[in-house]
Each structure stands twice: as C-alpha cells, then as structure tokens.
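Undergrad: If you scroll down you'll find the structure; I have some questions about it.
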Amino acid sequence: MKPQVTRLARIPRPEAVRTWQYTAGAATAGLALAATVATAAGPWDSSGQRTAERDRAVALERTGGTDHGGDSGTTAAGPRPAPSAPSVLTALGGGANTVKSAPTGQALATVLGPLLGNTALGTRHTAAVVDVATGKRLYGAGAGTALTPASTTKIATAVAALSALGADHRLVTRAALEADTKELVLVGGGDPTLTARADAGGWASLRELAEETATALKKRGITTVTLSYDKTLYAGSEIHPIGVNDNLAPVSALMVDEGRTDGTASGPAPRTTDPAADATRTFARFLSDHGIRTTSPGPSKATGRAENLAEVLSPPLSALVERMLTNSDNDIAEALARQTAVADGQRADFAGGGRAIRAQLKKLRLPLAGAEFHDGSGLDRADRLTAGLLTSLLVKAGDPAHPDLRPVLTGLPVAGFTGTLTSRYTDGAAGVVRAKTGTLTGVNTLAGTVVDQDGRLLAFAFLTSDTTDPGAAQSALDRTASALAACGCG
C-alpha cells in the first residue's frame with residue numbers, strides 16, 4: 001500500500017497593523033498605478049504581501065533593530081513578511097515614472113556629493129543611483145570599484161536563490177523508515193526556519209512532524225525504532241570562516257530554531273555546536289510524547305528504499321527571502337547559498353555556494369567585474385561587490401520579466417518601521433526608503449530603493465570602508481538616502 005505522506009506548513013499571516021503617513025509628496029505618488037501593478041507583480045500572494053501592496057502603506061508597531069544584533073522587532077513566533085509601501089512598486093508599470101524626467105547626474109551630484117564627502121564615511125566610498133523604470137544609471141562615484149559589502153551581500157544571495165529555485169520553492173524536512181532495519185531517519189532538507197516551538201507561527205513544525213511520524217509508525221505496529229539523522233544535503237565545514245560566532249549557527253542541513261539555545265528568534269545568540277544531533281534529540285522527545293521509544297540518535301544517510309512517513313514544508317522561498325532581508329538573517333542567507341549550490345550542481349559548501357551565486361547572476365547578465373562571493377551572508381570580509389552590481393540587482397528584481405525576484409524588493413527593511421531599519425529614519429524619510437544595511441568593523445553599507453519627490457523609484461547603493469565610528473557612518477548614510485527621497489531633481 002502506498003504510504004500516506006503528510007504535508008504540514010502554513011504561510012505566515014500579517015499581524016495587526018497601523019496606518020502611517022509620510023508628509024513628503026513621494027509617499028503618495030503613483031498609488032493608483034501601484035494598485036494595478038501589485039496584482040500582477042508576482043505569483044505569490046498567500047502571505048498577504050500583495051494585499052499589503054494594494055493597501056495604503058502600513059507598518060508593524062515594533063521597536064529596536066540593528067544589523068546583526070539586538071531586537072529586530074520580531075516575536076518568538078517568527079518574523080512576518082515585510083509590509084510594502086504602495087509607491088515602491090510604481091516603476092514596475094512604467095506610467096508613473098514618465099510624468100517627470102529622471103533626476104540629472106549633475107543635480108544628484110550637487111545633492112549627494114557633499115553628503116558622501118562626510119569624513120564619517122571613511123577613506124573610501126562608492127555610490128550608484130539608477131532609475132528602476134529604465135535601468136539608466138543617473139549617478140555614479142566609483143560605481144565599478146569593488147568593496148567589502150557586508151550584509152548587502154544578501155541581496156545577491158536572494159536574487160541568485162530565487163533565480164535558481166523560484167519564488168514558490170519549499171524546503172522539505174522528512175522522516176523516512178528503512179523497512180528492513182526499522183531505522184527511522186530524520187532527513188534534513190536545509191530549512192533553518194524549522195521550529196520546535198509550541199507555536200510554530202506558520203513555519204514548519206518539528207512537533208507536528210513527530211506527531212504524524214508516530215501515527216504512521218503505530219499504523220505499522222511499530223513502537224520502538226533505531227533513530228538516526230541525515231544531514232548529507234550539505235557538504236564541507238559547517239563553521240563559517242569567521243569562526244564560531246553568535247551571529248551564525250554551524251551551517252547544517254538539519255537544525256531547529258537556527259540552533260539558538262536561548263529561546264530568541266533573531267539577533268546574536270548562543271548556538272548549539274551540533275545542530276543536527278540536537279534537533280534529532282528534540283525529535284526523539286516529541287516521539288516519546290506520542291508513545292514511540294527510540295535509541296540515542298546518530299548520523300546516517302537515508303537510502304533510496306526508505307519509505308517517507310511524514311514531511312513538513314517551509315513557507316515558500318519568497319517568504320524566506322523576505323525574512324532574511326528584513327532581519328538580516330545570516331542563517332537563512334547561508335542556507336539559501338547552499339540551496340543555490342544544490343540547484344546549480346555545485347558542492348553545497350561555502351565555496352560552492354559562492355560559485356553558484358556567481359553562476360546564477362551571470363545567467364541574468366549582471367555586471368560581475370570585481371565581484372567575489374565567499375559566503376551568502378556577507379560576514380566574510382573577503383566578499384567584494386560594486387555599487388553598480390547592487391543597483392543592477394535591485395533593478396533586475398523590479399523587471400516585469402522576472403516576477404519571481406520581486407521578494408527582493410518587498411523584503412527590504414522599511415525605513416522607520418521594520419527589521420534592521422526599525423529605529424532609523426524616525427525623523428527623515430520613514431516609509432519611503434527601503435534598504436538593506438551592512439555593518440562590519442570599519443565597513444558600513446546601504447543599498448535599496450527610494451521614491452523621490454517626483455514619484456520615481458530609484459535604486460541606490462552606498463559602500464564605505466575604513467570607517468571609525470559606525471554610528472556616525474550609519475547616520476551619514478541615512479542622511480544620504482533621505483536626500484534622495486527629498487530630491488525633486490528632474
């Protein structure tokens with residue numbers, strides 16, 4: 001008899017929201033067009049993202065938010081998809097961006113030059129501003145010079161993963177039974193959002209997987225099993241080149257709650273040294289709750305003869321990308337780099353992930369001169385990106401020919417409201433700037449989109465190096481992005 005495979009996954013739903021207002025004209029420009037564009041912007045709408053884009057700009061009432069640290073404004077149930085200001089997608093339909101001419105390079109140089117010359121931005125900085133509707137570069141300062149990108153690397157990781165796998169792709173964690181030996185194998189599919197919490201919050205639940213597995217075993221008259229785990233989807237070292245670090249768990253194809261040991265859902269945290277073994281021990285406890293006895297788990301590999309008893313699926317890749325970008329989630333970033341490697345036929349390790357990201361971006365004909373990818377998160381200081389590549393990635397994500405890439409835009413933190421920008425821009429272009437932050441010692445970066453005073457959607461990227469005061473550098477970058485929002489430079 002063909003076994004019944006249980007599929008368990010729910011899509012996160014937006015929480016209660018409040019309406020916000022931005023007094024600048026850019027916030028209301030193009031709303032009618034956005035309502036039309038949003039319905040066709042992408043194939044995924046079960047998370048409510050499309051609804052959020054049709055509605056007036058809304059934002060979650062949360063506090064905190066710093067890159068790689070602090071409270072990113074999420075709950076224990078897990079981050080929700082980023083809310084979208086309707087105006088950020090005005091360029092996708094083209095019409096609103098033809099009302100006025102694009103900003104001129106000279107006008108932008110007048111506005112941005114002095115701001116980028118701020119000594120807080122270190123000894124080297126590069127910048128690029130592009131009209132998303134046309135793809136035309138409007139301003140560039142060293143735009144082809146590759147610098148350390150820090151977490152803006154996640155934009156490249158997101159584009160590559162979505163391009164390789166598609167926005168609807170899901171990661172599968174399953175329990176398989178070796179019929180001849182009665183060995184039960186917990187097979188990791190690389191889902192770092194798999195959770196052991198009682199309230200799964202829409203993410204794949206290890207508790208539910210255990211319950212369904214126990215039910216399937218009892219139907220077969222089995223109450224005692226040899227328990228093993230299979231993490232062989234990934235290869236190579238699990239430890240990032242930076243070493244053991246609270247910003248990232250060992251990169252394993254099997255883990256629960258990102259290997260966190262303190263109950264947090266985001267930001268730095270103590271991590272388990274063996275995510276797969278710990279996840280399987282937790283699975284064993286859940287099985288015991290349902291009357292299944294197990295041996296102490298050890299590593300194994302499920303054979304092709306193993307019978308699937310149950311499986312749980314992650315939310316679609318679009319939701320994973322949004323969570324990664326909104327909260328600068330390093331664990332998801334490294335998982336997506338390895339998933340891209342698997343899809344691209346590369347070895348699923350750090351180096352293979354980097355090769356796969358480059359290969360996918362090359363297929364999209366993006367400018368890769370000088371770019372180097374050594375991980376998916378941007379924690380590796382050897383990574384190199386250009387401002388020109390970052391803006392090209394954002395333009396490609398807004399291209400109507402690539403709807404699967406749209407989560408790259410909708411997942412960007414909203415200035416003053418979500419993720420790593422929650423506590424920034426509170427006195428500036430709140431809600432109009434959407435950007436991925438990047439912070440390493442001596443490195444501050446910012447890349448995203450902004451709607452200017454004329455209602456045009458602009459993509460920008462600012463990279464700096466050799467900064468000495470991260471707070472001052474961050475403020476200087478925020479002022480530069482706010483200047484774009486206030487610019488009626490056409």
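The values are calculated or read from the model by the stated rules, or taken from the named source; none is laboratory data. Every value quoted in this text rests on a predicted model; they were computed, and no experiment measured them. We place every Cβ from the backbone using ideal geometry, glycine too, and count neighbours over all the protein chains shown.
Undergrad: Would you check which residues across the stretch 104-132 are touching a helix residue (DSSP H, G or I) at 6+ places or on another chain (Cβ under 8 Å) and surrounded by fewer than 14 Cβ atoms within 10 Å (Cβ to Cβ) and list them?
TA: Those that are touching a helix residue (DSSP H, G or I) at 6+ places or on another chain (Cβ under 8 Å) and surrounded by fewer than 14 Cβ atoms within 10 Å (Cβ to Cβ): none in the stretch 104-132.
Undergrad: Name the residues in the stretch 201-247 that are more than 19 Å from GLY189 (Cβ to Cβ) and touching an Asp or Glu at 6+ places or on another chain (Cβ under 6 Å), would you?
TA: Listed by number, the residues that qualify are THR226, PRO241.
Undergrad: Test of understanding: among LEU368, LEU364, LEU412, which residue is crowded, with 22+ Cβ neighbours inside 10 Å and over 23 Å from GLY189 (Cα atoms)? Walk me through it before giving the result.
TA: Details: LEU368 fails: crowded, with 22+ Cβ neighbours inside 10 Å; LEU364 fails: crowded, with 22+ Cβ neighbours inside 10 Å.
So the residue among LEU368, LEU364, LEU412 that is crowded, with 22+ Cβ neighbours inside 10 Å and over 23 Å from GLY189 (Cα atoms) is LEU412.
Undergrad: Looking at ALA235, ALA253, which is the one that is at pLDDT 95 or above, in a loop (DSSP other than H, G, I, E, B), of a type in the set (A, V, I, L, M) and surrounded by fewer than 23 Cβ atoms within 10 Å (Cβ to Cβ)?
TA: The unique qualifying residue is ALA235.
Undergrad: Could we say that VAL244 is modelled with pLDDT under 95, hydrophobic (A, V, I, L, M, F, W, C) and more than 21 Å from the chain's Cα centre (by Cα) here?
TA: It is true that VAL244 is modelled with pLDDT under 95, hydrophobic (A, V, I, L, M, F, W, C) and more than 21 Å from the chain's Cα centre (by Cα).
Undergrad: Going through the stretch 289-325 one residue at a time, which ones are small (Gly, Ala, Ser) and out of contact with any strand residue (DSSP E or B) (no Cβ under 7 Å at 6 or more places or on another chain)?
TA: Answer for the stretch 289-325, where residues must be small (Gly, Ala, Ser) and out of contact with any strand residue (DSSP E or B) (no Cβ under 7 Å at 6 or more places or on another chain): GLY291, SER296, GLY304, SER314, SER318, ALA319.
Undergrad: Next question. Taking the stretch 335-373 on its own, how many of its residues are of a type in the set (S, T, N, Q) and in a loop (DSSP other than H, G, I, E, B)?
TA: Total satisfying the criteria: 1.
Undergrad: Can you name every one of the strands (runs of 3 or more DSSP E) wholly within the stretch 428-490 that holds 1 or more residues which are modelled with pLDDT under 95, more than 21 Å from the chain's Cα centre (by Cα) and β-branched (Val, Ile, Thr)? Even if it seems obvious, please write down each step before you answer.
TA: Numbers: elements: 433-440, 443-451, 457-465.
Strands (runs of 3 or more DSSP E) meeting the threshold: 443-451.
Undergrad: Now for a separate question. Pick out the one residue from GLY471, GLY442 that is out of contact with any helix residue (DSSP H, G or I) (no Cβ under 6 Å at 6 or more places or on another chain) and either crowded, with 22+ Cβ neighbours inside 10 Å or within 17 Å of THR123 (Cβ to Cβ) (or both).
TA: After applying the criteria, what remains is GLY442.
Undergrad: Within the set of pairs 6 or more residues apart or between chains, which connect a residue that is more than 10 Å from PHE462 (Cα to Cα) inside the stretch 132-151 to a residue that is part of a strand (DSSP E or B) and acidic (Asp, Glu) with Cβ atoms less than 6 Å apart?
TA: LEU138/ASP131
Undergrad: Please tell me if THR326 is in the same structural domain as PRO413 (by TED's automatic domain parsing) and touching a residue at least 24 places away in the same chain (Cβ under 8 Å).
TA: yes
Undergrad: Shifting gears a bit: Could you give me the residue pairs with C-beta distances under 8 Å whose first residue belongs to the stretch 101-114 and is free of Cβ contacts under 8 Å to residues at least 40 places away in the same chain, whose second residue is of a type outside the set (Gly, Ala, Ser) wherever it lies, and which are 6+ apart or on separate chains?
TA: Matching pairs, first to second residue: GLY105/LEU138; GLY105/TYR139; ALA109/TYR139.
Undergrad: Could you figure out which of (1) out of contact with any helix residue (DSSP H, G or I) (no Cβ under 7 Å at 6 or more places or on another chain); (2) in contact (Cβ under 8 Å) with a residue 24 or more places away in the chain isn't true of LEU458?
TA: Only one criterion is unmet by LEU458, namely (1).
Undergrad: Of the residues that make up the stretch 376-388, is at least one farther than 19 Å from LEU233 by Cβ, in a helix (DSSP H, G or I) and not assigned by TED's automatic domain parsing to the domain that holds LEU248?
TA: Yes, there is a match, as at least one residue in the stretch 376-388 is farther than 19 Å from LEU233 by Cβ, in a helix (DSSP H, G or I) and not assigned by TED's automatic domain parsing to the domain that holds LEU248.
Undergrad: Checking the structure you have, find out if any residue of the stretch 336-355 is surrounded by fewer than 20 Cβ atoms within 10 Å (Cβ to Cβ), of a type in the set (A, V, I, L, M) and more than 30 Å from LYS182 (Cβ to Cβ).
TA: yes
Undergrad: Report whether or not VAL187 is under 21 Å from GLY352 (Cβ atoms) and in contact (Cβ under 8 Å) with a residue 12 or more places away in the chain.
TA: On the way: under 21 Å from GLY352 (Cβ atoms): yes; in contact (Cβ under 8 Å) with a residue 12 or more places away in the chain: yes.
Judged against the criteria, VAL187 is a match.
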